[in-house]
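Everything below concerns the one structure shown next.
The values are calculated or read from the model by the stated rules, or taken from the named source; none is laboratory data. Quick caveat: nothing in here was measured; it's all calculated off a predicted structure. Glycine gets a Cβ as well: all are built from the backbone with ideal geometry, and neighbour counts include every protein chain shown.
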Amino acid sequence: MSTPSGVFDESWFRVKDCRLRLMPGVELVRQQFKGEAWYVVCDKLGHQYFRVRPEAYNFIAHLEDASSVEEAWDHALELDPSQAPSQGDVVQLLSQLYRSGLLRGDRMSDIEALAQARKTEKNTRVRQQMASFLFLKIPVFNPDPFLRRTVHLVRWCFGSFGFLLWLGALIWGVQTVALHWSDFKDVSEGLLGLSNLPWLYLALLITKTLHEFGHAYACRRYGREVPEMGIMLLVFNPLPYMDASASYAFTRKARRVFVGFAGVYVELFVAALAVVYWAYSGEGMLSRLAYNMAITASVSTLLFNLNPLLRFDGYHILTDLTETPNLQMRAQQLMKYAVNRYAFGLHGQPVPANSWGEVIGFTTFFFASWIYRMFLLVSILFFVSKQWLIVGVLIAVIFGIMWLVVPLVKGLYYVFWGTQLMNKRSRAALVTTSFILLLSLFLWWCPVPHHFRIEGIVQSNPFVNVYSGAAGRITEVTVPSGAKVRTGQVLVRLKNPEMEQEAELLELEYQRVLTLIQADRSVDGSQLKGLIANREALEVRRTDLRRRMAELEIRAPADGRWIAPVLHEYADSMVPRGAPLGFVRGEKRYRFMAVVRQRDVDRLFTELQETAEVKLYGLEAQTLLATEVTPIPSDQSELPSASLGVLGGGSMGVDTSERTGSTSSEPFFEIRSNLQVPQGMLANHGQRGVARLRLPNLPLGRQWYLRVRQAFQREYKL
């Protein structure tokens, strides 16, 4: 009998002569994934489930009749040498089954083996829970008897009628949010207020309880047990959980998917009913609770439960829909295989992926899930640190040890002392050491481009608002909106009858005074002096009136394009004095006005370059050049445009007590520059964009350090 290369294992002698069997009560359930058969090892007593491949199943099946592990392995090897598990795979499989108490052997009694394995498994679970103490689970009781007695009451919810009712409620809820969006958004501003936090937590507790019962009833609906219910400390907040892992043994994919989706199914139904109640009820405690339930049931569903990058409902739904069991583990195995194969030169290992599609999928999932978990962890740390700084620091230290120090130590141990790399030790050590040194050099000593991004708006140069200098009615629009104009060109003519009548009366009075002066009927000249003074006063009034009448002709204050978006509103009404009629903007020269927070000003004043790159929203394909970048050395509070504030879509915080939305909630500095717009491209005044300022090159590690330090300074004033 020939054996394929790479099938032997140095630990084989420890297990080859053992006579092992599956424990009573353990069954194997066949499932289909992408046309391939898989088997689920089901422990009904301990409520544990493992998926194994057909080759592992064939080996387990031969254990029942074989006199030793080696004989069972030989049978599997004779049956299919190319697909038979290696000795290392057998050792790993037996170890997993034995630790879980699923094997009985001839070297210790069944009960002793079961007790020892249960103790080992329990200790392992405790260590795993302590390692992930932000998601600590505390079992409380077995809910299965209660579920058995009550499942008939909710069975209809998972049928056609229940689905139609759920769909109708969901449509009603979405429509209600759309109709009351303004009020819905306004109420959300106080969501994290101190007075609302108890209501928010109560809503979270209710929705999560219903969520877990959704999983449990769906699992019980199809005949599987739900053996455990308890409390999960999610970031120190107690929330309910139920163990519905028995759904792994369903042979039909649709049932596994539905059990995974059942919690979201219930939560979305609750969110829809809650938002409808909030919209059509008066103010009160129930209305407040309903609003918080609508928020928690919808936001948590999108960010956590349905997100496949976390090992929650979305992950299990994805693995079943794509028929890719053990997705996370296989992605990790692929990364380990790639390092061993291409970095350390270790050949002969089986590839964890069956196709290039799986290679791409596993790689994408591995990096995307790792990045998202890091992002979520950092967000949780900042959230906790805002409330309890010491607790946040403690969590950061613990997770730094767990996720950085421990994996690093394990990796180094594997490289320098692991038996698997015995024949490749020199290469593995050299590659690992070189990688660490090169990475350190790159992060801390290799300068790379350093940029700083800030938001701003485009301003035409010139840009002049046009106002009515006098009150009157529009008699003629000499230049239509959108046309080019020259300085002094008449744009609009107004007519003011009262001003014209005043001019006529003033002219008559002036002529009368002139006539009296010419007649000179005063003997002593005293009357003449009074008439002359009166004439001079009338001349001043005539000059002022002519100036005001000249203002009835609205002229262009500069060369550019005349824009009058509100002029039509005065077609049948009096234009008041000082009313905005439009503006004249230049089209050859532009400025970019950017704002920067006070905490970022120091390095800008000392390290800022004279040029910058600008991208405008709506014109992202083109990169514009900004020259003569100049910071204005004085802090301000009035934004150049309300669009730079959070209420207008920008990133600057604003004072919500001001209705304009352009008053910043913190001091900022202004940076001005001349924007070079290529010929043929039209930039709009007020258009928002982002400027990328070039700073002196800096190693990437130091850039990250600066950003983290600024974040701590901003959040904790450290």
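For the stretch 243-273, the tally of residues that are without any contact (Cβ under 8 Å) to a residue 40 or more places away in the chain and part of a helix (DSSP H, G or I) stands at 3. Look at LEU581 and say whether it is under 30 Å from GLU476 (Cβ atoms), assigned to a strand (DSSP E or B) and not hydroxyl-bearing (Ser, Thr, Tyr). When the stated conditions are applied, LEU581 passes them.
In the set (1) over 16 Å from LYS185 (Cβ atoms); (2) touching a His at 6+ places or on another chain (Cβ under 7 Å), the condition left unmet by ALA279 is number (1). Taking the numbered list (1) closer than 21 Å to TYR217 by Cα; (2) surrounded by fewer than 12 Cβ atoms within 10 Å (Cβ to Cβ) in turn, ILE171 passes all entries but (1).
The helices (runs of 4 or more DSSP H) located wholly in the stretch 374-493 that include 1 or more residues which are exposed (fewer than 13 other Cβ atoms within 10 Å of the Cβ) and more than 39 Å from the chain's Cα centre (by Cα) occupy 406-417, 425-445.
Per the listing PHE312, PHE261, the residue uniquely surrounded by 20 or more Cβ atoms within 10 Å (Cβ to Cβ) and either touching a Cys at 6+ places or on another chain (Cβ under 8 Å) or aromatic (Phe, Trp, Tyr) (or both) is PHE261. All told, PHE442 falls short of being among the hydrophobic types (A, V, I, L, M, F, W, C) and closer than 30 Å to VAL595 by Cβ. For the stretch 308-355, the candidate set comprises residues that are in contact with a helix residue (DSSP H, G or I) (Cβ under 9 Å, 6 or more places away or on another chain) and of a type in the set (Phe, Trp, Tyr); within that set, the residue that is farthest from PHE33 (Cα to Cα) is PHE344. Among the residues of the stretch 501-521, those that are within 30 Å of ALA564 (Cβ to Cβ) and in contact (Cβ under 8 Å) with a residue 24 or more places away in the chain comprise GLU502, ALA503. Assess whether ARG224 counts as being in contact (Cβ under 8 Å) with a residue 60 or more places away in the chain, outside the structural domain of SER385 (by TED's automatic domain parsing), buried (at least 21 other Cβ atoms within 10 Å of the Cβ) and farther than 18 Å from TYR201 by Cβ. No; evaluated as a whole, the condition is false for this residue.
Does THR251 qualify as being under 25 Å from the mean Cα position of the chain (by Cα) and among the hydroxyl-bearing types (Ser, Thr, Tyr)? No: the conditions fail for THR251. Filtering the stretch 573-580 for residues that are among the polar types (S, T, N, Q) and over 40 Å from the mean Cα position of the chain (by Cα) leaves a non-empty set. Of LEU147, LEU202, LEU153, which residue is surrounded by fewer than 11 Cβ atoms within 10 Å (Cβ to Cβ), assigned to a helix (DSSP H, G or I) and either at pLDDT 90 or above or not assigned by TED's automatic domain parsing to the domain that holds PHE258 (or both)? Just a single option satisfies the conditions, and that option is LEU153.
Every residue, every condition in (1) modelled with pLDDT under 80; (2) closer than 14 Å to ILE454 by Cβ; (3) of a type in the set (Lys, Arg); (4) crowded, with 17+ Cβ neighbours inside 10 Å, yes or no:
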{"position": "ALA571", "(1), (2), (3), (4)": "yes, no, no, no"}
{"position": "LEU581", "(1), (2), (3), (4)": "no, no, no, yes"}
{"position": "VAL595", "(1), (2), (3), (4)": "no, yes, no, yes"}
{"position": "LEU639", "(1), (2), (3), (4)": "no, yes, no, yes"}
{"position": "SER651", "(1), (2), (3), (4)": "yes, yes, no, no"}
{"position": "SER657", "(1), (2), (3), (4)": "yes, no, no, no"}
{"position": "PRO667", "(1), (2), (3), (4)": "no, no, no, no"}
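Restricting the first member to the stretch 350-367 and to residues that are touching a residue at least 40 places away in the same chain (Cβ under 8 Å), and the second to residues that are in a helix (DSSP H, G or I) and surrounded by 12 or more Cβ atoms within 10 Å (Cβ to Cβ), the beta-carbon pairs closer than 7 Å and six or more apart or on different chains are PHE365/LEU327; PHE365/ALA331. Only one entry in GLY661, GLY680, GLY650, GLY689 is farther than 30 Å from PHE442 by Cβ and in a strand (DSSP E or B), namely GLY689. Could you tell me whether TYR342 is of a type outside the set (D, E, K, R), at pLDDT 85 or above and within 23 Å of THR432 (Cβ to Cβ)? The answer is yes for TYR342. Residue pairs whose Cβ atoms lie under 8 Å apart, separated by 6 or more positions or on different chains, with the first residue in the stretch 312-325 and on the phi > 0 side of the Ramachandran plot and the second surrounded by fewer than 18 Cβ atoms within 10 Å (Cβ to Cβ), are GLU323/GLN32; GLU323/PHE33; GLU323/LYS34; GLU323/LYS253.
Considering the stretch 339-352, and only residues there that are in contact with a Ser or Thr (Cβ under 9 Å, 6 or more places away or on another chain) and of a type in the set (A, V, I, L, M, F, W, C), the residue that is farthest from SER426 (Cα to Cα) turns out to be ALA343. The number of residues in the stretch 494-518 being touching a helix residue (DSSP H, G or I) at 6+ places or on another chain (Cβ under 9 Å) and part of a helix (DSSP H, G or I) comes to 12.
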